[in-house]
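See structure below.
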Amino acid sequence: MRYDLSDRLVVGIASSALFDLTDCDAVFRELGEDAYRTYQETHVDELLAKGVAFPFVRRLLSLNDLADQADPLVEVIILSRNDPDTGMRVMRSIKAHGLPISRAVFRQGRPSHPFMPALNMSLFLSADGPDVRAAVAAGLPAGHVLRTGRIDDETDPELRIAFDFDGVVAGDTAEQVYQSGGIDAFRAYEVGHAAIPHDPGPLRDFLAGINRIQRLEEERRRKDSAYRPRLRVALVTARDAPAHERALLSLKKWGLRVNDAFFLGGIDKAAVMKALDPHLFFDDQVAHLDGTAQATPSVHIPFGLINSPPAPAD
């Protein structure tokens, strides 16, 4: 029987984002591919430590208890540059950690992101920056998972996700106006276009998938007053009034929603993130993530003008 992914929230994840591969990567960089293969084969039964995105993935998959076990809401698929043999350690670690992940793509040194459309993926997470940039350049929704010092509280049942707006949920047209004309031009442009929804950004469809699960949680809560929704979404943006209106109207016209919204107007995001404590925060600007990543699991979305390589010098 064919397994249909079309109505599921499908996330692709590299083993580098799911697990801590520091030692493995060091072997590959210092000794080469053959030594790496030998290392993985001799350590195949050693459990890989949890990586930055592990708490997010574990909680996301736990939401499948809202549906029939045979028809899950969420599917997480491994997308890896490993070959199938060296990928065996990853799959054994997944099993040992109790994650319900059974599907994987192993590509022996070749990028796996071209298979994202075939697998209906609305997000790909990796700790390999060049792989993520290649995916985004191909028009695919991908994020570079950054190292963090946050220690997960495994007794916390919630899954909190935070999104920047421009260049993440929405396109970066307004950001281009800001870069070329400054804050006054940006505000005037947004006020003048307030009734016109933004173009979708790379993670608009991922947020739509999250919202579908939130609606199921709301249905469960209406039937069972003791049920506490676990999934919570925040918008955290440098916009402030009056530019906040177009962001909110865009979400409404797309049929999307967030639980919390922070319009910070240039206030440092790091302190807000520390209080909000999301399991992942998505932003397109490295300057913001440099401040958040130590205390907050942060994901760089290398999309739009601000992430374009500098023009070559004359």
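List of remarks:
- The condition of being over 21 Å from Leu125 (Cα atoms), among the hydrophobic types (A, V, I, L, M, F, W, C) and not in a helix (DSSP H, G or I) holds for only one of Ala188, Ala226, that being Ala226.
- The residue that is farthest from Gly291 (Cα to Cα), counting only those in region 239-254 that are small (Gly, Ala, Ser) and open to solvent by less than 50 Å² (accessible area, probe 1.4 Å), is Ser250.
- Lys252 falls short on exactly one of the conditions (1) of a type outside the set (S, T, N, Q); (2) in contact (Cβ under 8 Å) with a residue 60 or more places away in the chain; (3) over 28 Å from Gly149 (Cα atoms), and that condition is (2).
- Looking across region 112-123 at every residue that is out of contact with any helix residue (DSSP H, G or I) (no Cβ under 6 Å at 6 or more places or on another chain) and on the phi < 0 side of the Ramachandran plot, the one that is surrounded by the most Cβ atoms within 10 Å (Cβ to Cβ) is identified as Met121.
- The residues of region 129-147 that are outside any helix (DSSP H, G or I) and surrounded by fewer than 19 Cβ atoms within 10 Å (Cβ to Cβ), listed by number, are Ala138, Gly139, Arg147.
- Any hit, region 24-33, residues being in contact with a strand residue (DSSP E or B) (Cβ under 8 Å, 6 or more places away or on another chain) and closer than 24 Å to Gly143 by Cβ: no
- Beta carbons closer than 7 Å, at least 6 apart along the sequence or on distinct chains, pair a first residue in region 171-194 that is within 26 Å of Asp205 (Cα to Cα) with a second that is among the charged types (D, E, K, R) and in a helix (DSSP H, G or I) for Ala174/Glu190; Glu190/Arg246; His193/Arg246; Ala194/Glu245; Ala194/Arg246.
- Residue match in region 263-278 (condition: open to solvent by 20 Å² or more (accessible area, probe 1.4 Å), in a strand (DSSP E or B) and in contact (Cβ under 8 Å) with a residue 24 or more places away in the chain): yes
The values are calculated or read from the model by the stated rules, or taken from the named source; none is laboratory data. Given the structure is predicted, the values throughout are model-derived calculations rather than measurements. Every residue, glycine as well, gets a Cβ built from its backbone with ideal geometry; the counts of neighbours run over all protein chains shown. Quick note on the areas: whole protein, heavy atoms, side chains included, nothing else; ligands and nucleic acids left out. Shrake-Rupley method; radii C 1.70, N 1.55, O 1.52, S 1.80 Å.
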